[in-house]
């Protein structure tokens, strides 16, 4: 297994979304911590276009820092908009960004399901509004007149299928991430999506922090998704909230988790997905040490 850092490091350090110079600084910092693997994102159409425009500079900065981007997340809530016009534009943008991710040598592409189209009294979860990043929303919601859950679901399935087919042209896998407060938030909703979309290259991104916050048993969730996930986001959690804390400081049974990964012969990536503020660097280093210790006890091969 390969231990990586998710783009949450850059977001937490430089804001939402980062500028190209922020990304380049983050590459050096990540390498300085001893990591070689990174998940990158295109955070909305503007940030994604910036990555596309500055692609050669990104390629050079990554090479100079010795960083490999293994997963590329294309963030655009319009991918699941009920407005077919907005959705069509988002799909074409996604297709163009697939080419960018392939040029960065990403092995997988990443999706989210986004918040359902209801009325929020506060910020939507993970809203792209330039504000501080939040793992979940405490806002109350109101269901609008004419709300049709089945249509929301059909659009998500259609969009996920399109994204998977676009990535298939480049021989890549697409991952769907579960997040608290979004259409895909639980193990069973994720399994249903994979079944309904019916694409071999559409798989799960297993997220320990979000599953714990959703009050799933993380080890049981892993068994439910056996053979259907192709990347892991790893963080700890105490399920009274959705915070992503340092590994070993929450309630997840990591010994059993890694025992199961060993039994499954999982050899993919574990992306450290931590949300600490001033303690973020220390949390990343401590988490790496903790994971390395558990991996040793469970005979799991680990590199970073």
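Inverting the mean 1/r over all pairs of different Cα atoms, compute the Kirkwood radius of the stretch 1-122 and quote it in Å.
Numbers: mean 1/r = 0.0664 Å⁻¹.
In the stretch 1-122 this quantity evaluates to 15.1 Å.
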| field | Rg and Dmax [Cα atoms of the stretch 253-300; Å; Rg one decimal, Dmax integer] | value | 11.9, 36
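Based on the Cα gyration tensor of the stretch 45-202, what are the three equivalent ellipsoid semi-axes, each the root of five times an eigenvalue, rounded to whole Å and given largest first? Write down the numbers at each step before the final one.
Working: eigenvalues 153, 71, 41 Å².
With the √(5λ) rule applied to the stretch 45-202, the semi-axes are 28, 19, 14 Å.
Give me the Å³ per residue figure for the convex hull around the C-alpha atoms of the chain. Write out the running numbers ahead of the final one.
Numbers: hull volume 36.1 nm³, N = 304.
Hull volume over Cα atoms, normalised by residue count, gives 119 Å³.
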| Where does each of 82-94, 248-260 land if you order them by average Cβ count within 10 Å, highest first? | 248-260, 82-94
| note | Per residue convex hull volume, Cα only, the stretch 212-304, in Å³ is 89
| Listed peptides 194-203, 232-241 by packing density, highest first (mean Cβ within 10 Å) | 232-241, 194-203
| What does the helix-only formula give at 222 nm for the chain: each DSSP H stretch with n ≥ 4 adding -39500 (n - 2.57), the total divided by the residues, and the result rounded to the nearest 500 deg cm²/dmol? | -13500 deg cm²/dmol
| task | Could you tell me which of rounded, prolate or oblate describes the stretch 129-274, using a ≥ b ≥ c as the square roots of the eigenvalues of the alpha-carbon gyration tensor, with rounded for a/c under 1.5 and, failing that, prolate when a/b is larger than b/c and oblate otherwise? | result | oblate
| message | What distance in nm separates the two pseudo spin-label positions at residue 105 and residue 49, each 7 Å out from Cα along the beta-carbon direction? | response | 3.0
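A short reminder: the numbers here are calculations on the coordinates, not readings from a lab. All of these numbers come straight from a predicted model, not from anything done at the bench. Note: ideal-geometry Cβ built from the backbone for every residue, glycine included; neighbour counts use all protein chains shown.
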